[in-house]
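The values are calculated or read from the model by the stated rules, or taken from the named source; none is laboratory data. Since this is a predicted model, take the numbers as computed values, not measurements. Cβ atoms come from the backbone with ideal geometry, glycine included; neighbour counts cover every protein chain shown.
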Amino acid sequence: MRLQALHHVTFAVRDLDRQETFVKDFGLVIVERTDSRLVMKTCGGDPFAYVAVKGEENRFVGLAFTVENAADLDEAHARLGATAPSDLDLPGGGRSVSLTDPDGNLVLLVHGSQRSEPEPFYPELEHNTPFEKRRFGRNQHGRERGPARLWRIGHVGLFVKSFRTSSEWYEKMFGLIGSDIYHIPGQPQARIVGFFRMDRGDEYVDHHVVAFMQDPRGGCHHISFETQDFEAQQRTHCFLGSKEYEAIWGVGRHPHGSHIFDVWRAPDGARFETFSDTDLFRKEHGTNVHDISQVTMDAWSTDKPDRYFV
């Protein structure tokens, strides 16, 4: 079985109205809204990417991945102990099976959801550098300040009670591969943070689809959506700031994965991130291991990373 992509995430939310306002300002698009459920999509053609269900407390419920074919669902049921395949009661249809990871998060495998045509995006930026000039006799085309035009959901960061237990479970179940893993200083065996990519053989994939950070709280650290480029991120950053939402970190650049990121807190406390310009790896590129004291979180900042994890 090979995973194809992150399909969606699900949260329980006490105040769906406030959450809806934020996620629309962030850039997600309404697919369905009832008194008990909010379903949102990106502009990249997915049937949906984010689900919020009415709950008594704000909490992370789980995540879902797409798989290549229907037989993968049967395999997950027979070999991995997943539930029997059943229809997915969400826009786009398809079928799914479910498992529960070591921290109690619901993990769905999905096949057969119907996609649509992507919506238009901005013209690509044309850069003038000391070595190549591409823009003559005119200004760089303008863009508005407003919600991001999000292309897809790209990755999720999870707080896990045991890094070893969770990472080994996802490796065993879904074949995830560590891209960069951090250990406690002087204790290379004590691994506490890691970024894991999908195994798609010779196909290039994002630096990570899931990140694990050891923390007794459990739950979700952040969900991340790909947008077009840093220009779009900067303009959306200004827009969200004008709405007086809480900026957590960004716009910055991670040293591992190299992607440009911008993180905001939603009314339910969840962290929503945009990213662009991420590194790509194949199976053959293996795993890098680092002393966490030697790693910076943001290559563009000297700030301590404390607020990123509060």
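Filtering 65, 48 for residues that are part of a strand (DSSP E or B), at pLDDT 95 or above, under 24 Å from residue 23 (Cα atoms) and not hydroxyl-bearing (Ser, Thr, Tyr) leaves a single hit, 65. Would segment 19-40 turn up any residue that is more than 24 Å from residue 217 (Cα to Cα), outside any loop (DSSP other than H, G, I, E, B) and of a type in the set (Ser, Thr, Tyr)? Within segment 19-40, one or more residues are more than 24 Å from residue 217 (Cα to Cα), outside any loop (DSSP other than H, G, I, E, B) and of a type in the set (Ser, Thr, Tyr). Within segment 264-287, if we keep just the residues that are in a strand (DSSP E or B) and out of contact with any helix residue (DSSP H, G or I) (no Cβ under 7 Å at 6 or more places or on another chain), the residue that is surrounded by the most Cβ atoms within 10 Å (Cβ to Cβ) turns out to be 273. When segment 236-260 is filtered for residues that are surrounded by fewer than 16 Cβ atoms within 10 Å (Cβ to Cβ) and closer than 19 Å to residue 152 by Cβ, only 258 remains.
In the list 252, 257, which residue meets the criterion of being assigned to a loop (DSSP other than H, G, I, E, B) and small (Gly, Ala, Ser)?
Numbers: 252 fails: assigned to a loop (DSSP other than H, G, I, E, B).
So the residue among 252, 257 that is assigned to a loop (DSSP other than H, G, I, E, B) and small (Gly, Ala, Ser) is 257.
Is there any pair linking a residue in segment 208-220 that is within 22 Å of residue 13 (Cα to Cα) to one that is at pLDDT 95 or above and of a type in the set (Lys, Arg), with Cβ under 7 Å and at least six apart or on different chains, and which? Every condition considered, the pairs that remain are 216/161; 218/161; 219/59. Residues in segment 45-65 that are touching a Leu at 6+ places or on another chain (Cβ under 7 Å) and over 21 Å from residue 219 (Cβ atoms): 1 in all.
Just checking, does segment 228-244 include any residue being under 30 Å from residue 56 (Cα atoms) and touching an Asp or Glu at 6+ places or on another chain (Cβ under 8 Å)? Yes, because at least one residue in segment 228-244 is under 30 Å from residue 56 (Cα atoms) and touching an Asp or Glu at 6+ places or on another chain (Cβ under 8 Å).
Do you know which residues across segment 103-142 are acidic (Asp, Glu), surrounded by 12 or more Cβ atoms within 10 Å (Cβ to Cβ) and over 30 Å from residue 169 (Cα atoms)? Spell out the reasoning first.
Taking segment 103-142 and keeping what is acidic (Asp, Glu), we get 103, 117, 119, 124, 126, 132.
From the residues that got through so far, the ones that are surrounded by 12 or more Cβ atoms within 10 Å (Cβ to Cβ) too are 103, 119, 126.
If the condition is that a residue be acidic (Asp, Glu), surrounded by 12 or more Cβ atoms within 10 Å (Cβ to Cβ) and over 30 Å from residue 169 (Cα atoms), then 119, 126 are the ones that fit.
Within segment 2-17, the residues that satisfy the criterion of being farther than 20 Å from residue 158 by Cβ and without any contact (Cβ under 8 Å) to a residue 60 or more places away in the chain are 16, 17.
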